[in-house]
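These notes are about the structure you will find just below.
The values are calculated or read from the model by the stated rules, or taken from the named source; none is laboratory data. These numbers were taken from a predicted model, which means no experiment stands behind them. A quick note on method: Cβ atoms are made from the backbone with ideal geometry, for glycine too, and the neighbour counts reach across all protein chains shown.
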Amino acid sequence: MSIRALIVDDEAPARGELRYLLAAHPEVEVVGEAAAAGEALALAESVRYDVVFLDVELPGMTGIEVARLVLDRRERPAVVFVTAHERYAVDAFAVEAFDYLVKPVEPERLARVVERLARQRRAEAPPVEKIAVVSAGGAKTLLDYDAVYWIEADGDYSRVHTYDRAYLATSSLRELEELLPAGRFARIHRSHVVNLAKVAAVRRGAPDRIRLALDDKEQTELDVARRQTRALRERLRL
């Protein structure tokens, strides 16, 4: 996942040096540069970016004032101040700066900032609610979670069942179970995981056991293992 960055500094050599240091991090894409406050604000309105590396002393207004304006956006970017002066640190963190780098920027210090930015981006990324399966001809297909009715173990792989088809997934049942949202899917047997939204009825099975009837084309019925029965009863409020 790339990190789109703006560089704002009134000195061209300083912008070039930071751009050079950021080039060591392939996850960072510099999408724009500005030399003055007004230019920076105009750029911020015209491109998508995740972080701005911002000098404090700029023509037009201070970097602190620029930070207040860009942080007022609905999609708040991270602001990393890059300045030759330590005395602005208190003001910088008062506007909720992500970090504060003192020139000359040390590559190791910048690397730590980039790693923190990457972790934040990963944490903010919406989950991908799809399962990769193999369709006819060996092509990979992505199935929405809502299309999945149940999954069964198939050795080191899995069989993913939709309303009227079954697909091979190269992930194990355990791997898929860890991927799926626990609030919507449940392990009912060592070999089966079920989408609870697809359960049409619950029937009595063997003593102290229940069976789930699904509303797929085949009207599949699956036994719930004894050790999963109590927990599933509680989840289904039976």
message: Of everything in region 22-41, what is of a type outside the set (D, E, K, R) and in contact with a Lys or Arg (Cβ under 6 Å, 6 or more places away or on another chain)? Give them in sequence order.
response: 30, 31
field: In region 191-238, the residues that are hydroxyl-bearing (Ser, Thr, Tyr) and in contact (Cβ under 8 Å) with a residue 24 or more places away in the chain
entry: 191, 220
query: Considering only helices (runs of 4 or more DSSP H) fully contained in region 28-98, which possess at least 3 residues that are modelled with pLDDT of 90 or more and of a type outside the set (Val, Ile, Thr)?
result: 37-46, 63-70
message: I'm trying to understand the selection: among the residues of region 62-115, which are of a type in the set (Phe, Trp, Tyr) and loosely packed, with under 15 Cβ neighbours inside 10 Å?
response: 93
query: Looking at 229, 220, 170, which is the one that is of a type in the set (Ser, Thr, Tyr), over 27 Å from residue 140 (Cα atoms) and surrounded by fewer than 19 Cβ atoms within 10 Å (Cβ to Cβ)?
result: 229
